[in-house]
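Heads up, the thing below is written out as structure tokens.
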Amino acid sequence: MTKKAMPGDALHGPGLTDVRDMVMAHDAFRRALRSSASLVSAVNDGDRKRAGVVADHLELMLGLLVHHHEGEDALLWPMLLQRVPEELAPLMR
Ligand SMILES: [Fe+2]
């Protein structure tokens with residue numbers, strides 16, 4: 001039986017897969033998406049240069065997010081479904 005992960009469990013160590021990079025990536029996406037509305041609303045009317053910078057930034061972040069999730073769909077979720085199907089069942093409804 002697989003031990004269910006709990007908040008505060010170690011993210012790395014002997015016998016564990018190091019998932020610290022996943023935490024870092026998800027935190028970065030959350031920060032970027034959380035700040036997107038204020039970035040857009042802070043652009044002054046008519047400031048096409050700043051609007052372009054913000055648009056380029058958001059396009060990059062959203063592209064990275066799509067790439068990240070395509071990688072998870074191809075590499076992570078199939079392995080998790082194989083290894084811990086009972087723990088994922090509530091998420092798959
Ligand atoms: Fe993710």
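Summary of computed values
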quantity: His26 in contact (Cβ under 8 Å) with a residue 40 or more places away in the chain and within 18 Å of the chain's Cα centre (by Cα); calculated: no
quantity: Members of segment 45-76 found to be within 14 Å of the ligand (Cβ to nearest atom), without any contact (Cβ under 8 Å) to a residue 40 or more places away in the chain and in contact with a helix residue (DSSP H, G or I) (Cβ under 8 Å, 6 or more places away or on another chain), listed by number; calculated: Met61, Leu64, Leu65
quantity: Tally, over segment 28-83, of residues that are over 25 Å from Thr17 (Cα atoms) and surrounded by 12 or more Cβ atoms within 10 Å (Cβ to Cβ); calculated: 17
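Values in this text are rule-based calculations from the coordinates and carry no lab data. For clarity, every value in this text was computed on a predicted model and none was experimentally measured. Every residue, glycine among them, receives a Cβ derived from its backbone with ideal geometry; neighbour counts consider all protein chains shown.
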